[in-house]
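Following: one structure in C-alpha cells, then a few remarks.
The values are calculated or read from the model by the stated rules, or taken from the named source; none is laboratory data. All values derive from a computational prediction rather than experimental measurement. Methodologically, a virtual Cβ is constructed for each residue, glycine included, from the backbone with ideal geometry; neighbour enumeration extends over all protein chains shown. Each accessible area value is taken on the protein alone, full model and side chains, heavy atoms only, with ligands, DNA and RNA left out. Shrake-Rupley method; radii C 1.70, N 1.55, O 1.52, S 1.80 Å.
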Amino acid sequence: MTLDMVCNFRKCRRSLSNHAWVTTCSHAFCVEHGHKEFRRNAENSLTCPACGNELRDKFDVIQADLKPSETFKSIVLAGMRPDTIMDVAMRAMSFWSYQIEQETLYQENLAKHSRDKLQCLEEINKLNLQKLKAELETCKRKVTSLQEEYNKKNKQAAELSACLEEKTRKLQKLTFQLDAQKRKDIRMGTFETSSNNEKLMEISDLVGKTVASDAFIFKPMKDAEVSRQISSPRTPMFDFRRRNKRPDRNKSFNFRPLRS
C-alpha cells in the first residue's frame, strides 16, 4: 500500500492527491492553505508554516502537479544530462523520503501517545475493577447476611404462626367451654328460680299457720335488771305465749317488749 503525502499544516493533515504546494525545505501543503500562506508581499519574502524557514527565491515554493500527464513526464527532463537527471531524481526521492519519514514519526508519536493513554486507561480500569470487586464482595456479604436474616425471620414467622394456631385452638376450646358453662348456668339458674319460688310458697304457708307474736319494741332497762337479764341464762328474749292464737293476716307483724 503506497502512502500519500499529507498537508504539513498542523491543524489540517489533509491527504494530498492531485495538487500541492511544495517548498525547498521539504514540506508540502494543500492548495487551500498554500494560497493562504504563500501570498508574496512587496519584499518578496515568505515563511514556511511548518519550520519557519524563509523562502526568498522564486522557486523556493511552487505549486506541483502530483499526477502529471504523460506529455509532461516526457518533456520535463528532456535534454538534460544524465547526472542532472539523476540529481533531480535524487532530490525528488529525498523530498519523498523526508515526507514519509515525517509521517512515520508522526504516526509513531501518535501511536505512542495512544499507547500511553491506553496504559493509563488500563490502570484506571484496573483500579476501577479492583474497586468493583471489593464492592461486589461487600454486596455478596450483605446478600449472605440478609439471606441469613431472612431465613431467621422466616423461621420465627413459622414458629409464631404455629403458636398462633395453637392459641387459636385453645381460644376456640375455651370459648366452647364458656358457652357450655353459660348454657349450664342458665339451666341451673332456671332450676334454682323455680326451687326458690316453691320454697317461698312453703314459707308463706308456714307463716300463715304460725301464731302471730306481739310487736317487739325496745325499752330502757335498769342496770340491775340488765345485769340480771344478761347474767341469767333463762332470760326469755321473746314472748311466745300467744302461740296458739292464729294471727290476723290484716295486721302487721310487730315486735313488743317483754313484760317484767
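Worth a mention:
- Single residue of region 42-90 satisfying the filter (closer than 20 Å to F9 by Cβ and among the polar types (S, T, N, Q)) that is least open to solvent (accessible area, probe 1.4 Å): S45
- Test: residue in region 105-117 that is within 32 Å of the chain's Cα centre (by Cα) and open to solvent by 100 Å² or more (accessible area, probe 1.4 Å): no
- The selection criterion, being open to solvent by less than 100 Å² (accessible area, probe 1.4 Å) and of a type in the set (A, V, I, L, M), does not hold for L127.
- Being more than 60 Å from the chain's Cα centre (by Cα) and among the hydroxyl-bearing types (S, T, Y) is a description that applies to T84.
- Meets criteria (out of contact with any Gly (no Cβ under 8 Å at 6 or more places or on another chain), surrounded by 13 or more Cβ atoms within 10 Å (Cβ to Cβ) and among the charged types (D, E, K, R)) for E101: no
- K36 being modelled with pLDDT under 85 and outside any loop (DSSP other than H, G, I, E, B): yes
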